[in-house]
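Participant: My questions all concern the structure below.
The values are calculated or read from the model by the stated rules, or taken from the named source; none is laboratory data. These figures come from a predicted structure and were not determined experimentally. Virtual Cβ from ideal backbone geometry, glycine too; neighbours counted across all protein chains shown.
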Amino acid sequence: MYKLVVIDLDGTMLNSYGVVTNKTKEVIKKVEEQGIEVVIASGRPIDSIKEIAKEIESKNYFIAGNGAIIYDIKNDEIIYEKTLSKEKVLEIIKICEENSISYNIYTENEILATSLKYNVLYYHKENLKKEESKKTKINLVKNMYDYVKNKEDARFLKITICDENKTVFNSIIRKVKEIRDIEVLEISHMSRKTIKQGTEEFEISYYYTEISTGDVDKWNAIEFLMEKLKVKKEEIMAIGDNLNDKKMIENAGLGVAMGQSTPVILKLADEVTSSNDEEGISEILQKYYKNINF
């Protein structure tokens, strides 16, 4: 029996419209009624995850910023954090600005961006369909370096760097990797997101990486929860679709890939379920947890 189920959000629990379907919500609730802990593990900021956690009735913990933070829902507090220092953030901003490349910064509550492009455009379009309390907060900043330099008491979870040109993107990554004590997610493929608005669909494609402080990963955060919840790694099911889910899928007792996952994830997973638009989460949970009927 898997006592802890850890689920990624984008491309996993959320469908292409950026929502959790009613069936998925009901299946998760029925799993939780069996005494199973269901934990969201996402790259999103805290406030962007809170409402989704409430929707699925996850009452105890969730992981934000790809493992930079563990949030205690019941006590409304951060219980674990490994965040980027302001000095590292400013160093990365300087490289991006000098090379005119798109980037955004995730704090515990919002995404700081200089323009609505790439992944921020995706969140913006998603926000248009959501009520205010469920929106991902996007803060458009003109002079990012000065803004961050003067910002007090912020936690910097991660920085995302994006570009459509692979040559330009790779040259920036080489420069960023020269910075010590940071983690740079190795992604060689192009990210493709489908934005659905009404009857229209359009695709945004770009190369990207995610930068965090050293030793930050969803699995490292899960290991902290394992101690707290007295759960063994073989009692964990981890479900995801992308490279920031790699370590947790490799290490969990059961690593599950969504049907549309990037090839690396499909190859290393113990099991592959249907895509995020085909009720993949419901399918895998109904397989391993019985007496879930509709």
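Participant: If you check Gly240 against the conditions, is it assigned by TED's automatic domain parsing to the domain that holds Gly67, of a type outside the set (S, T, N, Q), within 20 Å of Thr209 (Cα to Cα) and touching a strand residue (DSSP E or B) at 6+ places or on another chain (Cβ under 9 Å)?
Facilitator: On the way: assigned by TED's automatic domain parsing to the domain that holds Gly67: yes; of a type outside the set (S, T, N, Q): yes; within 20 Å of Thr209 (Cα to Cα): yes; touching a strand residue (DSSP E or B) at 6+ places or on another chain (Cβ under 9 Å): yes.
Taking the combined requirement at face value, the residue satisfies it.
Participant: Just checking, how many residues over segment 130-154 are assigned to a loop (DSSP other than H, G, I, E, B), buried (at least 18 other Cβ atoms within 10 Å of the Cβ) and at pLDDT 95 or above?
Facilitator: 0
Participant: Restricting to segment 8-24, and then to whatever is in a loop (DSSP other than H, G, I, E, B) and among the hydroxyl-bearing types (Ser, Thr, Tyr), can you tell me which residue is farthest from the chain's Cα centre (by Cα)?
Facilitator: That would be Thr21.
Participant: Going through segment 245-258 one residue at a time, which ones are buried (at least 24 other Cβ atoms within 10 Å of the Cβ) and closer than 16 Å to Ser191 by Cβ?
Facilitator: Result: Asp245, Met258.
Conditions (1) under 27 Å from Ser191 (Cβ atoms); (2) among the aliphatic types (A, V, I, L, M), marked per residue:
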{"site": "Met1", "(1), (2)": "no, yes"}
{"site": "Met13", "(1), (2)": "yes, yes"}
{"site": "Gly18", "(1), (2)": "yes, no"}
{"site": "Asn22", "(1), (2)": "no, no"}
{"site": "Lys25", "(1), (2)": "yes, no"}
{"site": "Lys29", "(1), (2)": "no, no"}
{"site": "Glu37", "(1), (2)": "no, no"}
{"site": "Lys50", "(1), (2)": "yes, no"}
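Participant: Please go through segment 245-264 and pick out each residue that is outside any loop (DSSP other than H, G, I, E, B) and more than 14 Å from Ile7 (Cβ to Cβ). Reasoning before the result, please.
Facilitator: Applying the first criterion (outside any loop (DSSP other than H, G, I, E, B)) to segment 245-264 yields 245-251, 254-257, 263-264.
The answer is Lys246, Lys247, Glu250, Asn251, Pro263, Val264.
Participant: Right, another one. Among the numbered criteria (1) in a helix (DSSP H, G or I); (2) in the same structural domain as Lys117 (by TED's automatic domain parsing); (3) surrounded by fewer than 16 Cβ atoms within 10 Å (Cβ to Cβ), which single criterion is violated by Lys228?
Facilitator: In the conditions (1) in a helix (DSSP H, G or I); (2) in the same structural domain as Lys117 (by TED's automatic domain parsing); (3) surrounded by fewer than 16 Cβ atoms within 10 Å (Cβ to Cβ), Lys228 misses (2) alone.
Participant: Next question. Please count how many residues of segment 110-129 are part of a helix (DSSP H, G or I) and hydrophobic (A, V, I, L, M, F, W, C). Before you say what the answer is, go through the steps one by one.
Facilitator: Just the residues of segment 110-129 that are part of a helix (DSSP H, G or I), to begin with: 118-127.
Okay, now just the ones that are also hydrophobic (A, V, I, L, M, F, W, C), so 120-121.
Total satisfying the criteria: 2.
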